[in-house]
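Asks: Could you have a look at this structure, given as C-alpha cells, before my questions?
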Amino acid sequence: MRKCPRCHKEMTEECYLKDSAQPISDYVVVQKNEDLKKIEYPLKVSLCKTCGYVEMYVDLDKG
C-alpha cells in the first residue's frame, strides 16, 4: 500500500502508462549489470484518486 505524499490518502497501484501514439508499446526500465546483461523491469504507476498525484515505480521482485 502506497500513501500519497501530498494528501496522505491510499494510492491505487498496478496502473500502467499508455503511449497513445503506440497503443501496443509498454514502457520498461532497463538496467545493465557488470556483465552488460540487461534486466528489464516494467514501469508501473500509482495514482491518487483524491488529489490526482501520479508516481512511477518498478517492481524489483518481478523483474
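All of the numbers you see were taken from the coordinates with simple rules; none came from a lab. Predicted model, so just to flag it, every value in this text is computed and none were measured. Because the Cβ atoms are built from the backbone with ideal geometry, glycine has one as well, and the counts that use them run over all protein chains shown.
Asks: Look at the stretch 11-60 and say how many of its residues are in contact (Cβ under 8 Å) with a residue 12 or more places away in the chain and among the acidic types (Asp, Glu).
Replies: 6
Asks: Does at least one position in the stretch 17-24 carry a residue that is in a strand (DSSP E or B) and of a type in the set (Gly, Ala, Ser)? Walk me through it before giving the result.
Replies: As a first pass, look at the stretch 17-24 and keep what is in a strand (DSSP E or B): none.
No, the conditions are met nowhere in the stretch 17-24.
Asks: Let me ask another. Select from the stretch 25-59 the residues that are over 15 Å from the mean Cα position of the chain (by Cα) and assigned to a loop (DSSP other than H, G, I, E, B) and list them in ascending order.
Replies: Matches in the stretch 25-59: 33, 34, 35, 36, 37, 49, 50, 51, 52.
Asks: I'm trying to understand the selection: among the residues of the stretch 19-56, which are surrounded by fewer than 12 Cβ atoms within 10 Å (Cβ to Cβ) and basic (Lys, Arg)?
Replies: Selection gives 32, 37, 38, 49.
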